[in-house]
1. Rounded to whole Hz and in sequence order, give me ³J(HN,Hα) for segment 21-26 from the Karplus expression 6.51 cos²θ - 1.76 cosθ + 1.60, θ = phi - 60°, writing x for Gly and Pro.
2. Report the extension gain between Arg80 and Leu42 in nm, rounded to one decimal, defined as 0.36 nm multiplied by the number of residues separating them, less their alpha carbon distance.
3. May I ask you to list the trypsin sites (Lys or Arg not before Pro) in segment 35-109 that are in a DSSP loop and have at most 11 other Cβ atoms within 10 Å of their Cβ?
4. Extending each Cα 7 Å along its Cβ direction at Glu90 and Arg102, get the distance between those two points in nm, one decimal.
5. Can you check what the net charge comes to around Arg81, using other residues whose Cβ is under 14 Å from the Cβ of Arg81 (Lys, Arg +1; Asp, Glu -1)?
6. Could you please report the charge total around Asp36, scoring K, R as +1 and D, E as -1 over all other residues with beta-carbon less than 13 angstrom from its beta-carbon?
7. Where Lys and Arg each count +1 and Asp and Glu each count -1, what net charge lies around Ala56 among other residues with Cβ under 14 Å from its Cβ?
8. Given a Förster distance of 25 angstrom, what is the FRET efficiency for Glu70 paired with Asp28, based on the Cβ-Cβ distance and rounded to 0.05?
Amino acid sequence: MTFPSRVPEPYGQSGSANLADILERVLDKGLVIAGDIRINLLDIELLTIKLRLIVASVDKAKEMGIDWWETDPALSSHARRDELSRENAELRARLAELDDGRPRREPEPAVERGRAREEPS
């Protein structure tokens, strides 16, 4: 009894591979494309662009240690909530610092018909 394998046949044996097989292999193994573009004028480097492209499945990317989409607030509602909670905590801490550094001011005396109420002596 033989069990079917999830690993596709090597391309050389069966002739041509269809797009689904190629995509499955790329996502399973991952594909890295790297390149640099440099623009020089008279031996002076004007511009350098470094390109890095990784094509892989989410599982493979996580296996490689790539999971930036989980912490990007634009892509993850959980990350957005975490960012707002962190910002809220920072603002509360700064407010507490300001309150600790200054003496508390008493409220201004109430103004009654254009005159300040006199405090009893």
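The values are calculated or read from the model by the stated rules, or taken from the named source; none is laboratory data. Quick caveat, the model's predicted, so the values are computed rather than measured. Note that each Cβ is placed from the backbone with ideal geometry, even for glycine, and that neighbours are counted across all protein chains shown. Heads up: the accessible areas ignore ligands, DNA and RNA and are worked out on the full protein's heavy atoms, side chains in. Shrake-Rupley method; radii C 1.70, N 1.55, O 1.52, S 1.80 Å.
1. Ordered by residue, 3J(HN,Hα) equals 5, 5, 5, 4, 5, 5 Hz.
2. Details: separation 38, 0.36 × 38 = 13.68 nm, distance 4.74 nm.
Extra length from Arg80 to Leu42 when fully extended: 8.9 nm.
3. Numbers: sites: Arg38, Lys50, Arg52, Lys60, Lys62, Arg80, Arg81, Arg86, Arg92, Arg94, Arg104, Arg105; in loops: Arg104, Arg105.
Answer by residue number: Arg104, Arg105.
4. Here the modelled spin labels are 2.2 nm apart.
5. Values: positive: Arg80, Arg86; negative: Glu70, Asp72, Asp82, Glu83, Glu87.
Its environment carries a net charge of -3.
6. On the way: positive: Arg38, Lys50, Arg52; negative: Glu45.
Spelling it out: positives minus negatives among the neighbours equals +2.
7. Working: positive: Arg25, Lys29, Arg52, Lys60, Lys62; negative: Glu24, Asp28, Asp59, Glu63, Asp67.
Result for the local shell: 0.
8. E between Glu70 and Asp28, to the nearest 0.05, is 0.75.
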